Ligand code: NDP
């Protein structure tokens, strides 16, 4: 390579890095308290320099500023009346982050920790995740700082109705399509949909996904995120001549994603030795009985500590973080953000973990991710590993608009194919951008290029 070409490449790289640094510093200055959002942006920005070097038009078009500023962030009051007749007020959010490749799409989270930083981090990641699915969906997210724990059915219904009274002005099958997330499952989606229908005066099934099968839901949606995560793990392991059978698996959480990740892992012959809720975790080297977990968490709304009453050979430990000290070959964080710290990652690696796949969104801290990559762990970032949920949500939209319903087997087959495609696209992008095996780089670059190209083609809007 001639000296002049090398110098020009160096200058382009310098320019790309300076641009990334400048935009990141503006973001931090503008909203200094939004630490989760900064973390999610940092993850993307650390990966995409080679894409900016290869295509400097992204810099000329100021793609990074445009990508990191939501198209719209809606904050609203959610007043409701509790069972004592007292008026309560929560704060609701919907971030409509990016519609370059389709209507905004992303779940609703009801949890006391929800704030603008949390919905922005989730909505930002959703843009790239949705792009990776190959489906025509943009990125959005929402929720409220409402705690469903300990609330009666009537309180949940009144809260959901109030939340939807405002949300209905902003969503719709071709505009913005919410779904579930932490604290929002089939019951909440039912109440949300009922209110939406009443306000609209018409049945627009495609305005929400994750619905009950009784009114337009898709078979396979409930299982999709957890099953999809395991299909992704299968692809990763297959590439290295490994398989899931007989491997010990630790799963955090015992909600929708965790339960279905455990179900598929067990079906494929793995031994799930631990799972948790937000109070603590259970551990049984002989394998957790999933039916008991389902009964306790899905049906009786009880705590995971009660599991030991039915299986006295198992152990319950109060507190969540200790779950990562349990030796396993496969770790599946499926609960919440930043649940694997740098030191937890170190312990997992020391204890022989081979695969870490993120069912939850951003469950590993930056320090943890760095250690997984440096130790050549097969590490599947959330954007890729848990994209199966939103992918099947998009299939639900397709079924709703064509007024047909696919069988479970049809949906599951499509999910499998989508997860295989996501794995291969991420893996190929990692290779093409000189980071073979690094699926963080692969997922970020593949997702970024698709969205950035669509934005470029649509002009400055
Ligand atoms: P659920 O509300 O169904 O379950 C969440 C689970 O995590 C519960 O068992 C909860 O315990 C547990 N949990 C919450 N906080 C903590 C904590 N600090 N430590 C340990 N456990 C905790 O939510 P989902 O399963 O739907 O979502 C889980 C994760 O997956 C989230 O990050 C979500 O964004 C992500 N995700 C979900 C998708 C979906 O389709 N549902 C799609 C893609 C990603 P408790 O019972 O005590 O509350």
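The values are calculated or read from the model by the stated rules, or taken from the named source; none is laboratory data. It should be emphasised that the depicted structure is a prediction, and the values quoted were computed from it without experimental measurement. Virtual Cβ from ideal backbone geometry, glycine too; neighbours counted across all protein chains shown.
Test residue 95 against the stated conditions and say whether it is in the same structural domain as residue 139 (by TED's automatic domain parsing), farther than 18 Å from residue 128 by Cβ and modelled with pLDDT of 95 or more.
Against the criterion (in the same structural domain as residue 139 (by TED's automatic domain parsing), farther than 18 Å from residue 128 by Cβ and modelled with pLDDT of 95 or more), residue 95 does not qualify.
Which of the residues belonging to segment 356-371 are surrounded by fewer than 24 Cβ atoms within 10 Å (Cβ to Cβ) and either more than 16 Å from the ligand (Cβ to nearest atom) or part of a helix (DSSP H, G or I) (or both)?
366, 367, 369, 370, 371 - these are the residues of segment 356-371 that are surrounded by fewer than 24 Cβ atoms within 10 Å (Cβ to Cβ) and either more than 16 Å from the ligand (Cβ to nearest atom) or part of a helix (DSSP H, G or I) (or both).
Do we have residue 380 as in contact (Cβ under 8 Å) with a residue 24 or more places away in the chain and in the same structural domain as residue 259 (by TED's automatic domain parsing) here?
yes
For segment 82-173, list the strands (runs of 3 or more DSSP E) that sit wholly inside it and hold at least 2 residues that are surrounded by fewer than 24 Cβ atoms within 10 Å (Cβ to Cβ) and in contact with a helix residue (DSSP H, G or I) (Cβ under 9 Å, 6 or more places away or on another chain); which are they?
In segment 82-173, the matching strands (runs of 3 or more DSSP E) lie at 87-98.
Working carefully through the options 180, 210, 228, find the one that is within 12 Å of the ligand (Cβ to nearest atom), modelled with pLDDT of 95 or more, assigned by TED's automatic domain parsing to the domain that holds residue 105 and buried (at least 18 other Cβ atoms within 10 Å of the Cβ).
Of 180, 210, 228, the one residue that is within 12 Å of the ligand (Cβ to nearest atom), modelled with pLDDT of 95 or more, assigned by TED's automatic domain parsing to the domain that holds residue 105 and buried (at least 18 other Cβ atoms within 10 Å of the Cβ) is 180.
Residue 12 fails exactly one of the following numbered conditions: (1) farther than 22 Å from residue 104 by Cβ; (2) at pLDDT 95 or above. What is the number of that condition?
(2)
Give me the residue from segment 208-236 that is without any contact (Cβ under 8 Å) to a residue 40 or more places away in the chain and outside any helix (DSSP H, G or I) and, out of that set, nearest to the chain's Cα centre (by Cα).
208
Mind counting the residues in segment 52-66 that are under 11 Å from residue 453 (Cα atoms) and within 28 Å of the chain's Cα centre (by Cα)?
Total satisfying the criteria: 2.
With the requirement that a residue be within 13 Å of the ligand (Cβ to nearest atom), free of Cβ contacts under 8 Å to residues at least 40 places away in the same chain and in a strand (DSSP E or B), what does segment 288-346 give you?
The answer is 317, 318, 340.
Return yes when residue 394 is buried (at least 16 other Cβ atoms within 10 Å of the Cβ), within 16 Å of the ligand (Cβ to nearest atom) and either over 30 Å from residue 213 (Cα atoms) or not assigned by TED's automatic domain parsing to the domain that holds residue 252 (or both) and no when it is not.
yes
Per-residue answers, yes or no, for (1) crowded, with 23+ Cβ neighbours inside 10 Å; (2) more than 22 Å from residue 373 (Cα to Cα); (3) at pLDDT 95 or above:
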{"position": "409", "(1), (2), (3)": "no, yes, yes"}
{"position": "413", "(1), (2), (3)": "no, yes, yes"}
{"position": "422", "(1), (2), (3)": "yes, no, yes"}
{"position": "432", "(1), (2), (3)": "no, no, yes"}
{"position": "439", "(1), (2), (3)": "yes, no, yes"}
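Quick one: in segment 273-287, of everything that is over 23 Å from residue 244 (Cβ atoms) and not in a strand (DSSP E or B), which residue is farthest from the ligand (Cβ to nearest atom)?
Checked segment 273-287; the qualifying residue farthest from the ligand (Cβ to nearest atom) is 279.
Quick check on segment 381-391. Is at least one of its residues part of a loop (DSSP other than H, G, I, E, B) and in contact with a strand residue (DSSP E or B) (Cβ under 9 Å, 6 or more places away or on another chain)?
Within segment 381-391, one or more residues are part of a loop (DSSP other than H, G, I, E, B) and in contact with a strand residue (DSSP E or B) (Cβ under 9 Å, 6 or more places away or on another chain).
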